[in-house]
Amino acid sequence: MNLYPVRAIYMAEIARVRRTLLQSIVSPVISTSLYFVVFGAAIGSRISEVDGVSYGAFIVPGLIMLMLLTQSVSNASFGIFFPKFSGSIYELLSAPISYLEIVIGYVGAAASKSILLGLIILATANFFVPLHIAHPFWMLLFLVLTAVTFSMLGFIIGIWADGFEKLQLVPLLIITPLTFLGGSFYSIDMLPPFWQGVTLFNPVVYLVSGFRWSFYGISDVSLGASVTVIALFLAVCLGTIAWIFHTGYRLKP
């Protein structure tokens, strides 16, 4: 594998972040801070603790995961869609660059931006609530795996979309609702038994639960289930991307 084209794609995408710093970094941090203020003050005054953790601290992993999922998808989907929109993707596909190098460049850049944002929000959360990370290795592992996996999903969406409207379709109508209903702001043990069972069909539950376990050692599902779900989703995304480049789906003029 030639690292020069990977580096070129990666640095071009990172440069786009520097040009849109307000939109790429500042805006998500401010939005997440507002969640802390609204949910921490409004709901935190009524729910003092959840599983022995203060409510303000309890929602931190869920808020980071909410941002991580949406930003990973949005960054990666726009990154590959814009070359399609401008027509420059055909120059990229005809260049002596392998499909693997293209994917690593775009997905790596999108995941890096999301991980950076996650760490900034984690640091910002310390201004609102005291935090303790019980398992730092697992926290970083979940952060990296989630960012890479959903950046791959964003890459797939960017290839599939034939207009700017479709770029926002999946993040707004699927990922954000699933995250809100996936235990980001509550424990699923608070739900009636029937809805607890229904919620377990939501894959985001396993991501949020595993990530929260890395902070406080508490979770709604087992660590093994969380790791299995994200590994399966990663495998599905890898298989889909391989199929896209093998068949030329939405890549041919």
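The values are calculated or read from the model by the stated rules, or taken from the named source; none is laboratory data. Keep in mind that what you see is a predicted model, and the values were worked out from it rather than measured. Cβ atoms come from the backbone with ideal geometry, glycine included; neighbour counts cover every protein chain shown. Surface accessibility is based on the protein's heavy atoms, side chains included, excluding ligands, DNA and RNA. Shrake-Rupley method; radii C 1.70, N 1.55, O 1.52, S 1.80 Å.
The HN-Hα couplings worked out from phi for the range 135-149 by the Karplus form 6.51 cos²θ - 1.76 cosθ + 1.60 (θ = phi - 60°) are 10, x, 4, 5, 4, 5, 5, 5, 4, 5, 4, 5, 4, 5, 4 Hz, whole numbers, x standing for Gly and Pro. Using a cut-off of 14 Å between beta-carbons, work out the net charge of the residues near residue 13 (Lys and Arg +1, Asp and Glu -1, residue 13 not included). Within the 14 Å Cβ shell, the charges total +4.
For the chain, with all protein chains present and a 1.4 Å probe, just round the carbon and sulfur fraction of the accessible area to a whole percent. That share works out to 71 percent. Using a Gaussian network model of the chain in which every pair of alpha carbons under 10 angstrom is joined by a spring, one finds that among 122, 207, 169 the greatest mean-square fluctuation is at 169. Average accessible surface for the chain: 48 Å² per residue, computed with a 1.4 Å probe over protein heavy atoms with every protein chain in place.
Using the Cβ-Cβ distance between residue 222 and residue 243 with R0 set to 41 Å, the FRET efficiency from 1/(1 + (r/R0)^6) comes to roughly 0.85.
Taking 0.36 nm per residue of separation and subtracting the current Cα-Cα distance, fully stretching the chain between residue 99 and residue 16 would add 27.7 nm.
The alpha carbons of the chain occupy a box of 58, 37, 34 Å along the principal axes, longest dimension given first.
Note on residue 37 and residue 126: their simple-model spin labels are 2.2 nm apart, each label 7 Å out from Cα toward Cβ. Site-free segments of the chain were taken between chymotrypsin sites (Phe, Trp or Tyr not before Pro) in DSSP loops having at most 12 other Cβ atoms within 10 Å, sites themselves excluded; the longest one is 1-126. Put a dot 7 Å past the Cα of residue 137, heading toward its Cβ, do the same for residue 189, and the two dots end up 2.6 nm apart.
Once both labels are positioned 7 Å from their Cα atoms along Cα-to-Cβ, the gap between residue 166 and residue 200 label points is 3.6 nm.
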